[in-house]
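Chemist: I have a structure I would like to understand better, so I am pasting it below and will then ask my questions one at a time.
The values are calculated or read from the model by the stated rules, or taken from the named source; none is laboratory data. Just so you know, these numbers come straight off a predicted model, no measurement behind them. A quick note on method: Cβ atoms are made from the backbone with ideal geometry, for glycine too, and the neighbour counts reach across all protein chains shown.
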Amino acid sequence: MLDRIRASLPSLAPAEQRVGKLVLADPRAFAKLPVSELADRSHVSKPTVVRFCRSMGYDGLSDFKLKLAGTVSEGVPFIHRSVDVDDKTSDVVVKVIDNTVAAFLKYRNDASTAALDKAVAVLAATYQTGKRIEFIGAGNSGIVALDAQHKFFRLGVNTVAYSDGHMQVMSASLMGPGDCLVVISNSGRTRDLMDACDIARKNGATTIVITTSGSPLAMAGHIFLAADHPEGYDRYSPMVSRLLHLMIVDILATCVALRIGGTQLQPLLKEMKNNLRNKRYA
């Protein structure tokens with residue numbers, strides 16, 4: 001928004017240019033000040049302030065200030081959406097945690113239990129038949145895929161995880177009916193993941209995708225689990241999105257464990273714990 005205002009200045013009337021320069025000088029203050037104060041600081045009339053907003057394509061001052069406030073509160077690019085350059089450590093702690101909690105609560109309210117039920121049923125059925133469950137992701141989502149593989153492996157599931165694009169495509173080529181591929185992606189636009197998903201689906205495997213709504217990957221799988229969040233994948237480091245993906249994996253693993261049943265799982269987990277006991281200091 002600020003870049004567009006800067007680029008449009010030469011084409012504006014001199015009085016409107018003064019308003020534009022005021023916006024660029026201190027956008028945060030502009031979004032908070034009343035029209036009378038804005039007019040005084042720009043040395044223009046109140047109607048000129050409104051005309052400037054309309055010249056920029058907005059309905060009026062209120063609409064312009066609303067969009068401006070959203071722009072300047074987006075945080076530091078490539079770090080975190082809610083964080084500002086001059087934040088103290090205490091501010092960062094509060095903002096990062098509050099942002100995460102808000103995203104979790106929103107997911108709790110918006111999550112499609114029907115889609116989750118379908119995914120759990122497929123994963124449990126794949127386990128019962130001894131077929132393969134594979135998790136794939138790229139970059140940060142590749143780490144989430146490894147976490148998913150670890151959780152399901154502990155349940156005795158025949159599972160692997162791949163973050164390398166070539167391995168993903170090769171592995172998908174070997175999948176068949178009864179197998180299940182879980183694709184995890186923040187952007188939903190990674191070419192290797194799209195290719196692997198298409199190949200596995202053509203070979204008869206069931207595909208589950210965990211990604212953002214409206215992305216190409218969201219429409220590529222059999223079952224779509226939405227992980228929507230305010231972070232732009234091209235502007236911010238994955239924080240909330242990563243935690244949402246991990247939470248969805250936890251939900252799936254917990255539900256599958258319940259489907260398997262305690263009678264079958266308890267002895268397995270107990271033996272695993274006993275065998276690991278010697279790996280720890282007393």
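Chemist: Looking at region 160-171, I want the residues that are under 22 Å from Gly130 (Cβ atoms) and have a partner that is assigned to a helix (DSSP H, G or I) and of a type in the set (Ser, Thr, Tyr) with Cβ atoms under 8 Å, at least 6 apart or on another chain. Which pairs are those?
Modeler: Within 8 Å, the pairs are Val160/Ser171; Tyr162/Ser171.
Chemist: For residues in region 144-189 being in a helix (DSSP H, G or I), polar (S, T, N, Q) and in contact with a strand residue (DSSP E or B) (Cβ under 9 Å, 6 or more places away or on another chain), which is farthest from Ser213 (Cα to Cα)? Steps first, answer last, please.
Modeler: To start, the set of residues in region 144-189 that are in a helix (DSSP H, G or I) comprises 144-153, 165-173.
Then drop every residue that is not polar (S, T, N, Q), which leaves 149, 168, 171, 173.
After this cut, where a residue has to be in contact with a strand residue (DSSP E or B) (Cβ under 9 Å, 6 or more places away or on another chain) as well, the list is 149, 168, 171.
Numbers: Gln149: 24, Gln168: 23, Ser171: 26 Å.
By that ranking, first place goes to Ser171.
Chemist: So which pairs qualify, if the first residue must be in region 255-278 and under 19 Å from Ala124 (Cβ atoms), the second must be of a type in the set (Ser, Thr, Tyr), the Cβ gap must be under 7 Å, and the two must be at least 6 apart or on different chains?
Modeler: The qualifying pairs are Val256/Tyr127; Ile260/Tyr127.
Chemist: Something else about it: Take Leu193 and tell me if it is touching a residue at least 40 places away in the same chain (Cβ under 8 Å) and either part of a loop (DSSP other than H, G, I, E, B) or surrounded by fewer than 19 Cβ atoms within 10 Å (Cβ to Cβ) (or both). Steps first, answer last, please.
Modeler: Details: touching a residue at least 40 places away in the same chain (Cβ under 8 Å): yes; either part of a loop (DSSP other than H, G, I, E, B) or surrounded by fewer than 19 Cβ atoms within 10 Å (Cβ to Cβ) (or both): no.
Against the criterion (touching a residue at least 40 places away in the same chain (Cβ under 8 Å) and either part of a loop (DSSP other than H, G, I, E, B) or surrounded by fewer than 19 Cβ atoms within 10 Å (Cβ to Cβ) (or both)), Leu193 does not qualify.
Chemist: Here is a further query. Here's a check for you: in region 78-105, which residue that is of a type in the set (A, V, I, L, M, F, W, C) and in a loop (DSSP other than H, G, I, E, B) is modelled with the lowest pLDDT? Break it down into steps so the answer makes sense when it comes.
Modeler: Restricting attention to region 78-105, the residues satisfying the condition of being of a type in the set (A, V, I, L, M, F, W, C) are 78-79, 83, 85, 92-94, 96-97, 101-105.
Now narrow it down to the ones that are in a loop (DSSP other than H, G, I, E, B): 78-79, 83, 85.
Working: Phe78: 48, Ile79: 57, Val83: 74, Val85: 75.
Checked region 78-105; the qualifying residue modelled with the lowest pLDDT is Phe78.
Chemist: Also, I was wondering about something else. Glu231 versus (1) of a type outside the set (Ser, Thr, Tyr); (2) buried (at least 19 other Cβ atoms within 10 Å of the Cβ); (3) free of Cβ contacts under 8 Å to residues at least 60 places away in the same chain; (4) assigned to a loop (DSSP other than H, G, I, E, B): which is the lone unmet condition?
Modeler: So Glu231 meets the others, but not (3).
Chemist: Would it be correct to say that Phe52 is surrounded by 13 or more Cβ atoms within 10 Å (Cβ to Cβ), modelled with pLDDT of 85 or more, in a helix (DSSP H, G or I) and touching a Cys at 6+ places or on another chain (Cβ under 6 Å)? It would help to see each step written out before you state the result.
Modeler: Working: surrounded by 13 or more Cβ atoms within 10 Å (Cβ to Cβ): yes; modelled with pLDDT of 85 or more: yes; in a helix (DSSP H, G or I): yes; touching a Cys at 6+ places or on another chain (Cβ under 6 Å): no.
So Phe52 does not fit the description; no.
Chemist: I'd like to verify a number: residues in region 166-189 that are in contact with a Lys or Arg (Cβ under 8 Å, 6 or more places away or on another chain) and more than 30 Å from Glu271 (Cα to Cα), how many?
Modeler: 2
Chemist: Would you mention how many residues in region 106-126 are modelled with pLDDT of 85 or more, in a helix (DSSP H, G or I) and loosely packed, with under 14 Cβ neighbours inside 10 Å?
Modeler: 4
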